[in-house]
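Step one of this worksheet: look at the structure below.
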Amino acid sequence: MVEAVQGAGVVVTGAGGGIGAALARRFAAEGARVVVNDLDAGKAKAVAEEIGGTAVPGDASTIVDDARDALGGTIDVYCANAGVGTGGTEAAEESVWELAWDVNVMAHVRAARALIPGWLERGSGRFVSTVSAAGLLTMIGAAPYSVTKHAAHAFAEWLSLTYRHRGIKVHAICPQGVRTDMLEATGTAGDLVLRPTAIEPDDVAEALFRGIEEDRFLILPHPEVAGFYQARATDPDRWLNGMNHVQRTWEAGR
Ligand SMILES: NC(=O)c1ccc[n+]([C@@H]2O[C@H](COP(=O)([O-])OP(=O)(O)OC[C@H]3O[C@@H](n4cnc5c(N)ncnc54)[C@H](O)[C@@H]3O)[C@@H](O)[C@H]2O)c1
């Protein structure tokens, strides 16, 4: 049991399935009171019933007030997990780019805007961002996803460095492939780079809880991502050549 989580009021967005549902189950198992959010009301309700939590369906950007009410006035932990796995190149429609910005980035900004003043006042709060290894590295064939996940990571990093001396904890979860509906939708690019090392949603929840116990910002459920991230920073052209090799392998197989 993680002491910081027992009895805490926790919100998990996009928790009707996949990683969000695994986070919600784990928080509930650790003794937290959990609000389960999802755009899909039926899925949110099913997970909430299973774990003895409360369903607050709707767009992740709009639910902070209702979630706070459901938890009796205070949110201790907010998991900005809902995401859209929008693929495509620079040629993707404006609406595709807008949806990726809205769900993968702005929902986090809007939640923080609603939560941070109260957290600063009481000197505590925990913001968990489900980013992706694509937010540290990239995802072939998915420009809107890669760009917005980099932004989500940048925002989490900014929150952490700005408020860490004022009692606010931030964690950025950056997995590669995880066996969820989103992975199913990544097609041949996912088959090439994600599926071979894919892990279970519960593994992501376990990595987060290790990170909470160790008070770590960066949560890497695939530890090898640390080496890739370092290689990218140390020699960008070498890293880009390697990723271009992956791109060409993908193109040749399509
Ligand atoms: N599956 C992977 O390989 C993988 C890897 C790295 C990061 N991630 C990230 O993990 C998070 C969860 O993804 P997942 O793999 O569990 O996908 P998933 O498709 O199984 O679950 C995502 C859930 O979010 C909900 N959702 C979508 N838009 C929403 C919105 N605006 N408001 C509320 N709910 C919304 C969906 O209805 C769905 O139930 C995402 O942010 C994703 O980018 C996934």
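The values are calculated or read from the model by the stated rules, or taken from the named source; none is laboratory data. Since the model is a prediction, treat every value here as computed from it, not as a measurement. Using ideal geometry, Cβ is built from the backbone for each residue, glycine included, and neighbour counts are taken over all protein chains shown.
Brief remarks follow.
- If the condition is being small (Gly, Ala, Ser) and not in a strand (DSSP E or B), then the range 160-174 contributes SER160, GLY167.
- Test result for SER129, small (Gly, Ala, Ser) and part of a strand (DSSP E or B): yes
- Residue in the range 208-221 that is of a type in the set (Gly, Ala, Ser), more than 21 Å from MET139 (Cα to Cα) and either touching a Leu at 6+ places or on another chain (Cβ under 6 Å) or part of a helix (DSSP H, G or I) (or both) present: yes
- Filter result (within 10 Å of the ligand (Cβ to nearest atom), out of contact with any Asp or Glu (no Cβ under 8 Å at 6 or more places or on another chain) and closer than 13 Å to ALA114 by Cβ) within the range 34-84: ALA60, THR62, ILE63, ALA80
- Residue that is of a type outside the set (Ser, Thr, Tyr) and either under 29 Å from GLU98 (Cα atoms) or modelled with pLDDT under 95 (or both), where the choices are ALA70, ALA24: ALA24
- Test: residue in the range 115-127 that is within 16 Å of the chain's Cα centre (by Cα), more than 20 Å from ALA205 (Cα to Cα) and more than 14 Å from the ligand (Cβ to nearest atom): no
- Residues within the range 2-32 that are near the ligand (Cβ under 7 Å from one of its atoms) and within 16 Å of HIS171 (Cα to Cα), tallied: 3
- For the range 85-104, the set of residues classified as away from the ligand (no atom under 11 Å from the Cβ) and within 15 Å of the chain's Cα centre (by Cα) consists of TRP101 only.
- The residues listed here are GLY85, GLY141; of these, the one that is touching a residue at least 60 places away in the same chain (Cβ under 8 Å) and on the phi > 0 side of the Ramachandran plot is GLY141.
- For the range 196-209, taking the residues that are near the ligand (Cβ under 9 Å from one of its atoms) and touching a helix residue (DSSP H, G or I) at 6+ places or on another chain (Cβ under 7 Å), the one that is farthest from ARG232 (Cα to Cα) is identified as PRO201.
Each row is one residue, and each column tells you yes or no for (1) without any contact (Cβ under 8 Å) to a residue 40 or more places away in the chain; (2) within 28 Å of VAL109 (Cα to Cα); (3) among the charged types (D, E, K, R).
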position: HIS171; (1), (2), (3): no, yes, no
position: PRO175; (1), (2), (3): no, yes, no
position: ALA198; (1), (2), (3): yes, no, no
position: LEU208; (1), (2), (3): no, yes, no
position: ARG216; (1), (2), (3): no, yes, yes
position: ARG248; (1), (2), (3): yes, no, yes
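- Of residues in the range 157-193 being hydrophobic (A, V, I, L, M, F, W, C) and modelled with pLDDT under 95, the one farthest from the ligand (Cβ to nearest atom): LEU192
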